[in-house]
Amino acid sequence: MSRVVIGAFDDPAEVTQVTSALTQAGVPANGIRVIGNHAQGAQYAGGQDIVTPLQRFGVSQKDARHYAEVVRRGGSLVAAMAPDERVAAQAQQVMDRFESGVDLEDRVGRYRQAGYTDFDATAPAFTADQARAEREQYRIPIVEEQLAVGKRTVETGRVRVVARIIEVPVEQQVTLREEHLHVERHAVDRPVTAADAAAVRENTIEVTEHSEVPVVSKQARVVEEVVVSTEASQHTETVRDTVRRTEVDVDEDVADDLRTTGQQTTRTTTGR
């Protein structure tokens, strides 16, 4: 059993996207109709009967007249003829995800706060500027700050190593050998031997004494090394801060006669 899904949208630029998404969801292209005075491909003229076709789709007369008022003020209606319940549910999901979707009950309540009572087919359609101004009245930007946590490198310490040459007094003991000459004369009385006779001649004997003295030399040796390096480690730190966002309180004060029951037609209720 086929079913018609109807959605109202403020932004005419989104209507093309809606119809394309509906086609991808399984709604036949010839089963999609767009009604609006500023949407691309839409059909509307001042005084045009919109109420009757909507009633044929199963929309109640009251809702059909309110939909007609949305169109008169620059909105657009998209009617999708879904071949079965599965496609109808997908079509409803498609219409719900677009930002400019209109909640009919909420919109009519706002119209009535400005003096609206019922759709007037003889009233002129809004111009593009009027429709844009109308949309801006119902658009409240929801601003939310997002916390972005990055990283930067900071200097947390420094080591300076300076190498310089100093002189340090040192002492070391060394054992030295010394020679000392002694000349002794001894009185003797013995016969002269051949050796003694051979030694009787002029002769000079020299004997040298020696002593050890310290000899100092220096040899450089590596006795220690100083190594300077960095060691990296990681840790997790929780960053706490506050962010700001816009909160909107909606006070719904809608007349009971806008609520319908038992309709086969589904309309978008995005709550925007």
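The values are calculated or read from the model by the stated rules, or taken from the named source; none is laboratory data. A quick note: this is a predicted structure, and the numbers were derived from the prediction, not measured. Neighbour counts run over all protein chains shown; Cβ positions are idealised from the backbone, glycine included.
Side notes on the structure shown:
- Residue within segment 122-136 that is at pLDDT 85 or above, out of contact with any helix residue (DSSP H, G or I) (no Cβ under 8 Å at 6 or more places or on another chain), in a loop (DSSP other than H, G, I, E, B) and not hydrophobic (A, V, I, L, M, F, W, C) present: no
- Of the residues making up segment 73-96, those that are part of a loop (DSSP other than H, G, I, E, B) and without any contact (Cβ under 8 Å) to a residue 12 or more places away in the chain number 0.
- Just one of (1) within 41 Å of the chain's Cα centre (by Cα); (2) of a type outside the set (A, V, I, L, M); (3) at pLDDT 70 or above; (4) farther than 28 Å from Gln146 by Cα fails for Glu224. It is (1).
- Candidate set: segment 30-69, residues that are closer than 21 Å to Ser20 by Cβ and either among the charged types (D, E, K, R) or part of a strand (DSSP E or B) (or both); chosen: the one modelled with the highest pLDDT: Ile32
- Test: Gly157 is in a loop (DSSP other than H, G, I, E, B), modelled with pLDDT under 85 and within 30 Å of Ala8 (Cα to Cα): no
- Residue check for Thr175: assigned to a loop (DSSP other than H, G, I, E, B), more than 48 Å from the chain's Cα centre (by Cα) and modelled with pLDDT of 85 or more: yes
- Thr122 being loosely packed, with under 10 Cβ neighbours inside 10 Å, in contact (Cβ under 8 Å) with a residue 40 or more places away in the chain and out of contact with any strand residue (DSSP E or B) (no Cβ under 6 Å at 6 or more places or on another chain): yes
- The set of residues from segment 145-200 being surrounded by 10 or more Cβ atoms within 10 Å (Cβ to Cβ) and either touching a helix residue (DSSP H, G or I) at 6+ places or on another chain (Cβ under 7 Å) or charged (D, E, K, R) (or both) comprises Glu145, Glu179, Asp196.
- For Ile142, the criteria (1) assigned to a loop (DSSP other than H, G, I, E, B); (2) free of Cβ contacts under 8 Å to residues at least 12 places away in the same chain; (3) under 43 Å from the mean Cα position of the chain (by Cα) hold in every case but one, which is (2).
- The residue that is surrounded by the most Cβ atoms within 10 Å (Cβ to Cβ), among those in segment 203-227 that are in contact with a strand residue (DSSP E or B) (Cβ under 9 Å, 6 or more places away or on another chain) and assigned to a loop (DSSP other than H, G, I, E, B), is Glu212.
- Taking the criterion of being buried (at least 17 other Cβ atoms within 10 Å of the Cβ) and either modelled with pLDDT of 85 or more or over 41 Å from the mean Cα position of the chain (by Cα) (or both), the residues of segment 11-25 that qualify are Glu14, Val15, Val18, Thr19, Ala21, Leu22, Ala25.
- Any chance Gly115 is on the phi > 0 side of the Ramachandran plot and at pLDDT below 85: no
- Test: residue in segment 188-196 that is more than 30 Å from Val227 (Cβ to Cβ) and either among the small types (Gly, Ala, Ser) or under 32 Å from the mean Cα position of the chain (by Cα) (or both): yes
- Test: residue in segment 227-244 that is farther than 30 Å from Gly150 by Cβ and in contact (Cβ under 8 Å) with a residue 12 or more places away in the chain: no
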